[in-house]
Amino acid sequence: MDLLNVVIVGAGGFLGAAGRYLCSGLINQRSNAGVFPLGTLAVNILGAFLIGFLSELFAQCMPERKRLLLFFTTGITGGFTTFSTFSLETMGLFEQGHHGLGVLNILLSVLCCLAGVVIGKLCAQKLAGTLH
């Protein structure tokens, strides 16, 4: 294992986690979502879009920049998104008797995050096509 890669991922992870904390907190503060974990859902969808966009953009335009890709994807988007918080918040919804919201959170998270990756990749392909 390359120690420099560990440092690169760690630096990106710090930035991503700090960004998640700020974005999720701001969204939760300003929304009327009640018990629904809108902040976590929003950052996960945005992170899914970003990882789709960045991975495709790097593949198309900068395939040799592996460390930079590692910084952005594993580091920043890995720190920005959170499957564990999604899982904990969803379990909390079920435990509090909000079964419908729990199921809704699962469906929205899976479907919207997958759509985010697809849309991100398509946007990067379009951008890469204009750059070549």
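Here, each number is a calculation from the coordinates, and none is a lab measurement. Since this is a predicted model, take the numbers as computed values, not measurements. Cβ sites come from the backbone with ideal geometry, for glycine too, and all protein chains shown count toward neighbours.
The table below lists the values:
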quantity: Per DSSP, loop trypsin sites (Lys or Arg not before Pro) in the stretch 1-81 with at most 15 further Cβ within 10 Å; calculated: 65
quantity: In nm, spacing of pseudo-spin labels at residue 64 and residue 119 (7 Å Cα→C-beta vector); calculated: 3.4 nm
quantity: Gyration tensor (alpha-carbon) shape descriptor, the stretch 58-127, a/c threshold 1.5; calculated: oblate
quantity: Cβ-derived FRET efficiency at R0 22 Å, residue 84 paired with residue 22, nearest 0.05; calculated: 0.75
quantity: Within the chain, helix-based [θ] at 222 nm, where runs of 4 or more DSSP H residues each add -39,500 (n - 2.57), nearest 500; calculated: -27000 deg cm²/dmol
quantity: Two-decimal Rg to Rh for the chain - Kirkwood Rh, Cα set; calculated: 1.04
quantity: Cα gyration tensor shape for the stretch 6-48, rounded if a/c is under 1.5, else prolate or oblate; calculated: prolate
